[in-house]
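Report on the structure given below.
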Amino acid sequence: MCGIAGFVGRRAIAPATRLAMLDALRQRGPDGQQMRAWDAVGQLVSDHASAQAALLHARLAIIDPRPIADQPMANEVGDIWLCYNGEVYGWADDAAKLAAQGAVFHSRSDTEFILRGYEAWGIDGLLPRLRGMFAFALLDRRIGKLFLVRDRMGEKPLVYAHRPDGLAFGSTVRAVLPWLPQDARDFDADAIDAYLAHRYIPAPRTIFTAMQRLENGHLLSYDLASGTLEKRCYWRPQASGPSTVDEALSELARAVELRTVADRPLGVFLSGGIDSSCVSSLLAAGGHNELRTFTAAFPGTPFDESADAAEIAATLGLRNQPLPVPADLDDATFTRIVADLDEPFADPSSFPTWLLARETVKQVTVVLGGDGGDEVLAGYKRHTKHRKGAWRGALRLPVQGGASLLPKGWAKIADEAGMGWLDAYSLRFSGLTPAQRRYVRAGRPLPRLHYWRTSDSQESVPTRQMLAVDFANALPEYILRKGDLCTMANGLELRAPLLDHVWLEKLFALPDAQRFTRPAKQLLAQAMPQLAPLQLFQRKKRGFNPPLQTWLRDSLAPRCAGLGLRLAALTDQQLDAARIDALVQRYQAGSEALAEQLLLLLILDESLAQLSGLRGSVV
């Protein structure tokens, strides 16, 4: 697991720029930073010379931590180079076949497997053999191509900037920004509105007009000679063939087992919920009782699951360690977390996730988690609620809501009625409603009601349609982006076995009656029989939420003063100062339902202020 960046093109890039790009990745790779750079004719140059191409890598060493496995990694001839972030699993058999065909492996790393696999099979033969999470750049000077690839689910991030003079890429927008010329660093007004709508910026947008995010399951091919860029989808969620529940769960058990391979200490994130409990159960059943489980504790609050987690761990014979989340959030920590979230991103659970990762990494370097269970088994309340209106399909009324500060009411009803059923699904999980966005824009029309990208798979069944939207949007760009950024900022690798694509292809083949149940996710009960006496499936689902009201009343309260003027300036008057301040005053007068919207605006303020400072830097 690592951070990557790099560029190719005709523009000579100074050494200071390369160092700034690499420095932005340092937290993702605390075990070492390396770079390789080339001149216009493809000759390697020193770290102190300008270069037309470079690959930059910051390493968190998990498999084979020896220097021989450092990156960027090249083949013997030096005409193929790999810069890779992630972990792939279950590749030993394929590596043995390559060795039998004459490939020479110098390390035990999955990095070298990807490199040797590409040499033997090419990019189209390699990708189907990769099981896990990955984002990588592969520079092949034999054919004059740079490939950029993001994994099927989007567990690993990858952003890029394409201009007439070249292409740059990185794990984060802050790693790519130094490469952009000063006059190409504008904020994207639509991206700001997308953030207000969704709490995050859906791919392919980023906060910068000149930068894009590669969608999950997609591949870019850049031609070094012509400068042309091609993008295609290489994987879509689909069934692999007939399957049974037993076959699917057997594959899930294998997915969990594969993710226990590491040369660094390994643990588990355990809440009181079904998904992480299922992963923990499969680990215990596989004989991994030495593993420790870690739980975020919120003492004295209704959303504290530490007692439930302790009970689950004890039942499974696993050790559990509660890690208390502070009742207060000091200003320095808020600033640091917003920086580590890279661009505007307003999932309230990011804060306890980051704090949990900070404490967990003091004891282990790798954790398994339960991310993805709700998205593959329709476990959210929004799925059940929105499915009830599926009868109306594309039917929409010729109405539109106005501008309103209130999160509910006629304006929201009108906006939903004016949208098709599937488009209206965006309102079940939003930041500001369309009416609230019009309000903070001083009543100006919205560019779009939502910014979700079209799903890569075509579905006709309502539940599957919603999950297809989730797979293209909220799963990769909200759930998984949060997990990646919050853990990697602390040098911790997070693995998600419930998103293993081989298990999912078997799951997708099951009848809907077995996959989508009431209560949700009962299919997983067969994988966790030890926990049956605890009746987890009858318990009320709880979110992973921080003490937000306390934070807004206390430590974050000073940030509310002058928020309107600051946001108006940072967004070039896209947001109205008086309207922003009215929202703040409404919350402070007792409208606690606006808490998450206020947090969203406070994060936008801090994030844009940080990025404004960075985009003004000259290196």
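The values are calculated or read from the model by the stated rules, or taken from the named source; none is laboratory data. Predicted, not measured: the structure shown is a model, and the values here were computed from it. Heads up, the Cβs are rebuilt from the backbone with ideal geometry, glycines too, and the neighbour counts pull from every protein chain shown. Just the protein is used for accessible areas: all its heavy atoms, side chains included, with ligands, DNA and RNA removed. Shrake-Rupley method; radii C 1.70, N 1.55, O 1.52, S 1.80 Å.
Identify, by number, the condition in (1) open to solvent by 30 Å² or more (accessible area, probe 1.4 Å); (2) in contact (Cβ under 8 Å) with a residue 12 or more places away in the chain; (3) not β-branched (Val, Ile, Thr) that Arg515 doesn't meet.
(1)
Working only within the stretch 293-352, note down all residues that are open to solvent by 60 Å² or more (accessible area, probe 1.4 Å), farther than 21 Å from Asn490 by Cα and part of a loop (DSSP other than H, G, I, E, B).
Residues satisfying the conditions are Pro299, Gly300, Pro302.
Starting from residues that are within 16 Å of Leu270 (Cα to Cα) and in a loop (DSSP other than H, G, I, E, B), keep the ones in the stretch 489-508 and report whichever is farthest from the chain's Cα centre (by Cα).
Top of the filtered list is Leu492.
Pick out the one residue from Arg66, Arg28, Arg36 that is open to solvent by less than 20 Å² (accessible area, probe 1.4 Å) and within 30 Å of Thr365 (Cβ to Cβ).
Arg28
Table: residues versus (1) more than 30 Å from Asp140 (Cβ to Cβ); (2) crowded, with 22+ Cβ neighbours inside 10 Å; (3) touching a helix residue (DSSP H, G or I) at 6+ places or on another chain (Cβ under 8 Å).
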position	(1), (2), (3)
Leu196	yes, yes, yes
Ala203	no, yes, yes
Phe208	no, yes, yes
Leu224	no, no, no
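Does any residue in the stretch 292-321 that is closer than 16 Å to Gln530 by Cα come within less than 7 Å, Cβ to Cβ, of a residue that is of a type in the set (A, V, I, L, M) and open to solvent by 10 Å² or more (accessible area, probe 1.4 Å) six or more places away or on a different chain, and which pairs are these?
Filtered contacts from the stretch 292-321: Glu311/Leu534; Ile312/Leu534; Thr315/Leu534; Leu316/Ala284; Gly317/Ala284; Leu318/Ala284; Leu318/Leu291.
Consider the stretch 232-288. How many of its residues are touching a residue at least 24 places away in the same chain (Cβ under 8 Å), in a loop (DSSP other than H, G, I, E, B), out of contact with any Pro (no Cβ under 8 Å at 6 or more places or on another chain) and more than 20 Å from Pro511 (Cα to Cα)?
Selection size over the stretch 232-288: 12.
Checking Ala184 against (1) under 21 Å from Arg11 (Cβ atoms); (2) in contact with a Phe, Trp or Tyr (Cβ under 6 Å, 6 or more places away or on another chain); (3) open to solvent by 10 Å² or more (accessible area, probe 1.4 Å), which single condition isn't satisfied?
(2)
Confirm whether Ser306 is in contact with a strand residue (DSSP E or B) (Cβ under 7 Å, 6 or more places away or on another chain), among the hydroxyl-bearing types (Ser, Thr, Tyr) and within 30 Å of Arg559 (Cβ to Cβ).
Judged against the criteria, Ser306 is a match.
Please enumerate the residues belonging to the stretch 120-148 that are under 20 Å from Gly483 (Cβ atoms) and more than 15 Å from the chain's Cα centre (by Cα).
Within the stretch 120-148, Leu130, Arg131, Phe136 qualify.
Out of Lys381, Lys385, which single residue is in contact (Cβ under 8 Å) with a residue 24 or more places away in the chain and touching a helix residue (DSSP H, G or I) at 6+ places or on another chain (Cβ under 7 Å)?
Step by step, each of Lys381, Lys385 is checked, and only Lys385 is in contact (Cβ under 8 Å) with a residue 24 or more places away in the chain and touching a helix residue (DSSP H, G or I) at 6+ places or on another chain (Cβ under 7 Å).
Which numbered condition trips up Val366, out of (1) closer than 22 Å to Met419 by Cα; (2) modelled with pLDDT of 95 or more?
Exception for Val366: condition (1).
Within the stretch 84-119, take every residue that is surrounded by fewer than 16 Cβ atoms within 10 Å (Cβ to Cβ) and among the small types (Gly, Ala, Ser) and give me the one that is nearest to Ala262 (Cα to Cα).
Among those residues, the one meeting the criterion is Ala92.
Would you mind finding the one in Gln52, Gln27, Gln33 that is touching a Lys or Arg at 6+ places or on another chain (Cβ under 7 Å) and closer than 27 Å to Asp340 by Cα?
The match here is Gln33.
Being of a type in the set (Lys, Arg) and either closer than 13 Å to Val376 by Cβ or open to solvent by less than 20 Å² (accessible area, probe 1.4 Å) (or both) is the filter here, so list the residues in the stretch 445-484 that pass it.
Across the stretch 445-484, the qualifying residues are Arg464, Arg481.
If Leu422 meets every condition in (1) under 16 Å from Ala194 (Cβ atoms); (2) modelled with pLDDT of 90 or more apart from one, which number is that one?
(1)
Only one of Ala24, Ala58 is touching a residue at least 60 places away in the same chain (Cβ under 8 Å) and within 21 Å of the chain's Cα centre (by Cα). Can you tell me which?
It is Ala24.
I'm checking my understanding of the structure. Among residues of the stretch 253-289 that are among the acidic types (Asp, Glu) and touching a Leu at 6+ places or on another chain (Cβ under 9 Å), which one is least open to solvent (accessible area, probe 1.4 Å)?
Asp275
Tally time: how many residues in the stretch 518-540 are open to solvent by less than 70 Å² (accessible area, probe 1.4 Å) and assigned to a loop (DSSP other than H, G, I, E, B)?
The number of residues fulfilling the criteria is 4.
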